[in-house]
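Have a look at the structure below, then the notes.
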Amino acid sequence: MMTELTGTATLVRFTVRRDRVRVLVWIASIALLELLTAANTKEIYSTQAALDKAAAAARGNPAAIALTGPDQALDTMGGQVAFQIGTIGLVAVALMAVFMIGRTTRAEEEAGRAELIRAMAVGRHAATAAALIVVAGMSAATGVIVTLGLIGLDLPTHGSVLFGVSLCAEGLVFAGVATVAAQLTENTRLVFGGSGTVLGAAFLLRAAGDIGDGTLSWFSPIGWSQKTRPFAGDRWWPLLVPAAFTLALAVVGAVLSTRRDVDAGFIRPRPGPRTGTAALGRPLGLALRLQRGSLIGWSVGLFAAGAAIGWIADDVKDLVGDNEAIRKTIAQFGGADLTDSYLSTQMLFGALVAAGFALQAALRLRGEETALRVEPLLATAVSRGRWVFSHLVVALSGSVIVLAAGGLGCGLVYGLVIKDAGQIPRMLGAALVYTPALWLFVGLAALLFGLFPRGVAVAWGALAACFVIGLLGEVLELPDWVKDFSPFEHTPRLPGADLTALPLTVLTALAIAAAGTGLLTFQRRDMF
Amino acid sequence: MSPLSPRTTTATDRDPAISISGLVKTFGQVRALDGLDLTVSKGEVHGFLGPNGAGKTTTIRILLGLLRADAGEVRLLGGDPWRDAVALHRRLAYVPGDVSLWPKLTGGEIIDVFARLRGDIDPVRRDELLERFELDPTKKARTYSKGNRQKVGLVAALASNAELLILDEPTSGLDPLMESVFQDCVREVKEQGRTVLLSSHILAEVEALCDRVHIIRNGRTVESGTLSELRHLTRTSIDVQTERPLDGLDGLKGVHDLHVDGTRARFDVDTAHLDEAIRHLSGFGIRSLNSRPPTLEELFLRHYGDELARERRANGRPAPTPEGAAR
């Protein structure tokens with residue numbers, strides 16, 4: 001047995017060294033997310049009256065319970081904090097575990113590097129063991145920092161420690177899930193997909209359980225960590241479940257790994273088509289096929305996000321109650337109606353996220369160029385113009401689809417909640433009004449691609465700036481001329497604001513001009 | 001219009017498929033091509049040789065219209081490779097040295113993508129080539145090894161009816177068995193009267209396939225001609241056994257690396273002086289004589305080896321710098 005683990009310590013050090021930035025960013029961002037939200041919660045619900053009101057509002061609200069977590073001592077500061085940071089923190093730690101395990105096990109194997117490692121004096125299980133140790137360490141570090149932070153916020157020590165340990169337990173469970181998934185399939189993306197599905201199921205099971213009598217939550221790894229009731233009774237024994245489960249998964253993973261070849265998985269990849277379809281033989285068909293997966297992923301993601309936004313939209317009034325601080329924050333985005341203000345703010349946020357798709361799709365041009373896949377393509381009878389056009393068409397029409405998915409998800413669910421079918425076109429419109437803003441980003445990407453191909457990353461910087469302007473512009477008291485740089489600031493904030501055509505026309509014209517310039521300059525430049 | 005139309009080639013059949021003169025291309029400070037000349041006649045398999053970084057790929061990328069020439073004259077199938085790119089590309093097929101594929105598509109899909117985008121597809125030839133190269137077209141490109149990715153590029157190019165094949169070190173990663181399949185395929189292409197520009201540094205491949213070769217270095221043509229013409233410039237190795245003890249060989253012109261041991265001698269002689277050497281040897285009564293014609297490899301090594309040695313001496317440095325290596 002010992003020789004099977006030879007080299008584990010070296011591999012642990014190697015992984016931490018190689019991924020030191022990634023490791024620190026994961027831990028720091030999760031800890032920050034947790035502690036900033038906790039501090040914020042403490043500030044908002046500063047009185048017992050405020051806590052009582054929040055608890056009452058949440059109790060009668062299945063949507064809030066489904067999204068955030070079980071109703072456990074919500075009228076205490078600890079209980080309310082655990083409610084606000086519990087589920088999201090557990091999901092974040094689970095994602096951290098899945099990505100790190102996938103990256104350090106199956107991705108290494110897929111890249112052929114695992115083979116090199118295995119050819120050295122390294123035990124059969126060393127790579128997997130090292131990955132599990134690194135993720136366990138990351139989960140523990142996250143748990144410790146969050147615990148210390150919560151204690152620092154004057155929350156009860158026992159509950160804070162229990163919360164931190166529960167957080168760590170979640171990381172261990174999903175490290176186990178990803179380890180088994182990495183044995184089953186040859187493809188790292190499928191490891192992420194499979195583990196992500198387990199996480200999604202865990203979330204849904206606990207949502208259903210928390211709304212009901214809590215039984216279903218016992219079948220969810222997220223539920224296990226919440227059954228410890230931090231700040232609401234503090235019990236340790238439920239942690240036996242994730243501990244046993246993690247151990248079982250690690251053993252299953254180890255057994256499976258000895259029954260397969262390096263590079264192979266248990267699920268054999270299915271053979272694909274022998275021949276290409278006629279559609280694939282046209283630049284547009286090829287571009288669409290290459291971007292199809294990403295387009296579907298973004299659309300599903302934004303539809304789900306829109307649905308979540310729509311689900312709680314009607315409860316915003318109750319949730320906020322007479323809390324002046326939040327009321328002010330939401331109202332500053334314009335509109336007298338609190339629900340509309342909330343919806344328009346969320347639409348802006350959704351559109352900023354969707355612009356990520358627009359950029360990613362348009363910058364595929366540069367990606368294909370640097371991957372040297374364009375050369376053989378342009379050595380066929382395809383002109384540069386036609387090739388660029390094909391990807392721009394996907395980016396431009398994809399932007400509309402992704403925005404529409406978000407608007408549809410929101411309108412559909414919000415309409416169902418308040419029984420008003422009219423919300424579907426209303427929310428669809430509120431989302432699609434950002435189309436010109438997204439197109440401008442496509443145009444910017446094309447312009448950079450033609451003029452400064454080595455500097456296309458500038459476009460991501462521009463989007464990040466728009467995020468800051470859109471979300472923190474008021475808080476940071478940015479001057480108007482700065483805010484004017486963001487196309488999102490020129491887009492009417494629907495629902496609530498008046499729909500004006502002029503800014504949208506100008507944005508569209510700018511987008512076309514930028515894309516056209518990019519196309520023309522690309523036709524004149526060298527490929528590299 | 002006529003030079004670009006595939007049907008009206010009769011008038012231009014005498015024109016070379018590729019003609020390049022004085023080609024210059026700079027990247028910032030680096031002069032990648034420095035007055036390169038290259039002529040490829042129709043119907044020939046032309047070897048394009050040079051060490052890494054000599055400018056082979058840059059030349060090919062200019063021929064494909066991916067890079068713009070800074071100076072010089074470039075004609076490809078009677079057209080301008082930059083201006084007439086699309087029309088010319090219908091008539092040529094290209095295989096890069098490192099075929100990069102879309103990981104999510106299968107090999108078969110990718111072959112068809114290239115075939116359709118070029119314009120013609122011969123499904124029978126495609127399937128025959130898949131069989132000869134032993135390539136499974138139903139696998140996703142992500143799972144292909146380097147050699148299999150290369151096969152995808154080769155099948156796509158060889159299955160076409162293109163009049164010109166531009167192959168940039170196309171066999172990197174292929175095993176010897178597949179290398180010989182590739183050589184058979186190129187011979188068939190030649191029999192069909194099509195033209196091939198084969199960039200390579202595998203000299204055996206070039207010797208086996210090429211009618212004429214071009215050797216470039218630091219962006220310039222340093223030698224060109226048929227293989228026998230080039231061999232003439234180099235040395236033949238002689239191993240001889242005579243009846244009487246040998247004598248006077250070291251006084252002969254063009255003899256190098258001489259080892260004499262009584263009646264036995266081994267030496268290299270410049271092919272231009274071969275005749276004198278044999279005359280001299282016959283005076284001692286030749287009992288056995290082994291001569292080995294120079295390989296392209298020796299030609300190559302001599303060309304660069306001598307030059308490198310000269311530079312080392314001139315610079316007093318162990319390794320040549322790129323600038324110092326320019327002639």
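Here are some notes:
- Residues within the stretch A:480-524 that are under 19 Å from A:Ala351 (Cα atoms) and either open to solvent by less than 40 Å² (accessible area, probe 1.4 Å) or outside the structural domain of A:Pro436 (by TED's automatic domain parsing) (or both), tallied: 13
- Residue that is surrounded by the fewest Cβ atoms within 10 Å (Cβ to Cβ), among those in the stretch B:55-96 that are facing another protein chain (nearest Cβ under 9 Å) and without any contact (Cβ under 8 Å) to a residue 12 or more places away in the chain: B:Val86
- Given (1) crowded, with 24+ Cβ neighbours inside 10 Å; (2) of a type outside the set (S, T, N, Q); (3) modelled with pLDDT of 95 or more, number of the condition A:Val161 does not satisfy: (1)
- The set of residues from the stretch B:265-279 being touching a residue at least 24 places away in the same chain (Cβ under 8 Å) and either outside any strand (DSSP E or B) or open to solvent by less than 50 Å² (accessible area, probe 1.4 Å) (or both) comprises B:Ala265, B:Phe267, B:Asp268, B:Val269, B:Asp270, B:Thr271, B:Ala272, B:Leu274, B:Glu276, B:Ala277.
- Residue check for A:Val93: touching a Phe, Trp or Tyr at 6+ places or on another chain (Cβ under 8 Å), of a type outside the set (D, E, K, R) and either open to solvent by less than 10 Å² (accessible area, probe 1.4 Å) or part of a helix (DSSP H, G or I) (or both): yes
- Counting only helices (runs of 4 or more DSSP H) that sit wholly inside the stretch A:339-456, those with at least 3 residues that are under 25 Å from A:Ala279 (Cα atoms) and assigned by TED's automatic domain parsing to the domain that holds A:Arg524 are A:374-378, A:384-418.
- The set of residues from the stretch A:48-107 being closer than 30 Å to A:Leu24 by Cβ and basic (Lys, Arg) comprises A:Arg103, A:Arg106.
- Residues (open to solvent by 40 Å² or more (accessible area, probe 1.4 Å) and assigned to a helix (DSSP H, G or I)) located in the stretch A:57-76: A:Arg59, A:Pro62, A:Leu67
- Scanning the stretch B:136-155 for residues that are facing chain A (nearest Cβ under 8 Å) and open to solvent by less than 60 Å² (accessible area, probe 1.4 Å) returns B:Pro137, B:Thr138, B:Gly153.
- Subset of the stretch A:441-469 (residues that are in contact (Cβ under 8 Å) with a residue 40 or more places away in the chain, open to solvent by 40 Å² or more (accessible area, probe 1.4 Å) and either closer than 18 Å to A:Leu352 by Cβ or among the β-branched types (Val, Ile, Thr) (or both)): A:Leu444, A:Trp460, A:Phe467
- Residue count for the stretch B:111-135 satisfying the condition of being within 7 Å of chain A (Cβ to nearest Cβ) and in contact (Cβ under 8 Å) with a residue 40 or more places away in the chain: 2.
- Residue within the stretch A:277-299 that is more than 27 Å from B:Arg142 (Cβ to Cβ), open to solvent by less than 80 Å² (accessible area, probe 1.4 Å), away from chain B (no Cβ under 14 Å) and among the hydrophobic types (A, V, I, L, M, F, W, C) present: no
- Residues of the stretch A:211-256 that are among the β-branched types (Val, Ile, Thr), open to solvent by less than 10 Å² (accessible area, probe 1.4 Å) and in a loop (DSSP other than H, G, I, E, B): A:Thr228 alone.
- Boolean, A:Gln80 is at pLDDT 90 or above and not in a helix (DSSP H, G or I): no
- Between A:Ala175, A:Ala201, A:Ala250, the distinction of being hydrophobic (A, V, I, L, M, F, W, C) and in contact with a Gly (Cβ under 9 Å, 6 or more places away or on another chain) belongs to A:Ala250 only.
- The stretch A:466-479, residues that are modelled with pLDDT under 90 and closer than 21 Å to A:Phe349 by Cβ: A:Phe467, A:Val468, A:Ile469, A:Gly470, A:Leu471, A:Leu472, A:Gly473, A:Glu474, A:Val475, A:Leu476, A:Glu477, A:Leu478
The values are calculated or read from the model by the stated rules, or taken from the named source; none is laboratory data. Quantities reported herein were computed from a predicted structural model and do not represent experimental measurements. For neighbour counting, all protein chains shown are included, and Cβ atoms are generated from backbone atoms with ideal geometry for every residue, glycine included. Just so you know, the surface numbers come from the protein's heavy atoms only, side chains and all, with ligands and any DNA or RNA stripped out. Shrake-Rupley method; radii C 1.70, N 1.55, O 1.52, S 1.80 Å.
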